[in-house]
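J.: Sending over a structure as structure tokens; questions will come in a sec.
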Amino acid sequence: MSEPCVYFVATPIGNLKDITLRALDVLRAADLIFCEDTRHSLKLLSAYDIKKPLFSCHKFNEREAAEKIAAAAKEGKRVAVISDAGMPVISDPGNTVCKILKDGGVEYTVIPGANAALSALVLSALPADRFAFVGFLPDKAGERKSVLEKYKNLDMSLIFHIAPQDIDRHISSIYQCFGERKACAVREITKLHEEAVAFNLSEGLSGEKRGEYVVIVEGAEKTENPLNALSEKEHILHYIAGGMDKKDAVKQAAKDRGVPKSEMYKFSLEI
């Protein structure tokens, strides 16, 4: 693979020191930098004395910006793409850029760094072995409910991005769909007033709502399959009685119990 010409660069989510040495090297070597908000990004670049031509790439002009990025890359120019904070593409502009670059055969890479969702998950102390990133919820109540319904039965922590003006009604929507669960609202990550406030969904989040929030909600409780209370042989016979052949019955019973098929197979020999 030849060296890519386009770099998606993660930027600090609060503290300006949270940027990698590699990210700074890429930004200094770039011919062009595309930013979500050029005025916002100028503060970061000025802090590290980086002076480059800046162009906007936001949700209202992303396709146009993507075409410019692709054209510049094909001319051999080095292009960096950044968002206001964190990783471009993740709840930020950049996905359309990726698709157009990929479709056009333009190679690109990522320069990893700060991430608000993962940082908040650590600060929440909620289970982090398995989780799902939901991001921002739709503004319309009906669409919001439709999205939440897809996640309510997942037995893993759920990560939401929520703006301060939406926090109360979105937490209310989550509670109405999920029922009572533990949650944690994290804000000002890496900044002086960083905080992670634990609460129950039924109570909502108290206090003044300021700053962008990452809200972590615990997953649904695991529901034990009642068939697992049967003996292994009875479990297999249950599926055979329902019309499955023995092979499929063994496979399904093994899946129910979370064991290898070979573990259940020996119990089928008596059938």
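J.: Here are some residues: Leu118, Leu126, Leu154. Which one is open to solvent by 20 Å² or more (accessible area, probe 1.4 Å), at pLDDT 95 or above and assigned to a loop (DSSP other than H, G, I, E, B)?
T.: Of the residues listed, the single one that is open to solvent by 20 Å² or more (accessible area, probe 1.4 Å), at pLDDT 95 or above and assigned to a loop (DSSP other than H, G, I, E, B) is Leu126.
J.: Does the stretch 29-42 hold any residues that are open to solvent by 20 Å² or more (accessible area, probe 1.4 Å) and in contact (Cβ under 8 Å) with a residue 24 or more places away in the chain, and which are they?
T.: Matches in the stretch 29-42: Ala29, Asp31, Leu32, Glu36, Asp37, His40.
J.: Run Gly86 past the list (1) within 18 Å of Thr190 (Cα to Cα); (2) open to solvent by 20 Å² or more (accessible area, probe 1.4 Å) and report the number of the one that doesn't hold.
T.: (2)
J.: Only helices (runs of 4 or more DSSP H) wholly contained in the stretch 1-112 count here; list those with 3 or more residues that are among the polar types (S, T, N, Q) and within 28 Å of Glu212 (Cα to Cα).
T.: Fully inside the stretch 1-112 and qualifying: 38-47.
J.: Further question: Yes or no: the stretch 175-188 includes at least one residue that is under 16 Å from Ala117 (Cβ atoms) and open to solvent by 40 Å² or more (accessible area, probe 1.4 Å).
T.: yes
J.: Still on this model: Does the stretch 216-232 include one or more residues that are at pLDDT 95 or above, within 21 Å of the chain's Cα centre (by Cα) and outside any loop (DSSP other than H, G, I, E, B)?
T.: Yes, the conditions are met somewhere in the stretch 216-232.
J.: A follow-up question, please. Give me the pairs: first residue in the stretch 201-219 and at positive phi, second residue at pLDDT 95 or above and not in a strand (DSSP E or B), beta-carbon distance under 8 Å, and six or more apart or on different chains, which are they?
T.: Cβ pairs passing all conditions: Gly204/Asp168; Gly204/Ile171; Gly204/Ser172; Gly204/Tyr175; Gly211/Pro164; Gly211/Glu188.
J.: Give me a count of the residues in the stretch 136-150 that are touching a residue at least 12 places away in the same chain (Cβ under 8 Å) and small (Gly, Ala, Ser).
T.: Selection size over the stretch 136-150: 1.
J.: Look through the stretch 205-259, keep the residues that are hydroxyl-bearing (Ser, Thr, Tyr) and surrounded by 16 or more Cβ atoms within 10 Å (Cβ to Cβ), and return whichever of them is nearest to Arg130 (Cα to Cα).
T.: Within the stretch 205-259, the match that is nearest to Arg130 (Cα to Cα) is Tyr213.
J.: If you don't mind, there's one more thing I want to ask. I'd like to verify a number: residues in the stretch 172-188 that are assigned to a strand (DSSP E or B) and among the charged types (D, E, K, R), how many?
T.: Final tally of qualifying residues: 2.
J.: On to the next question. Could you say whether any residue in the stretch 158-166 is exposed (fewer than 15 other Cβ atoms within 10 Å of the Cβ) and either of a type outside the set (A, V, I, L, M) or in a helix (DSSP H, G or I) (or both)?
T.: yes
J.: Being in contact with a Pro (Cβ under 8 Å, 6 or more places away or on another chain) and open to solvent by less than 20 Å² (accessible area, probe 1.4 Å) is the filter here; which residues of the stretch 129-151 pass it?
T.: Arg144
The values are calculated or read from the model by the stated rules, or taken from the named source; none is laboratory data. This one's a predicted model, so the numbers in the text were calculated from it and none came from an experiment. Methodologically, a virtual Cβ is constructed for each residue, glycine included, from the backbone with ideal geometry; neighbour enumeration extends over all protein chains shown. Accessible surface areas use protein heavy atoms only, side chains included; no ligands, DNA or RNA. Shrake-Rupley method; radii C 1.70, N 1.55, O 1.52, S 1.80 Å.
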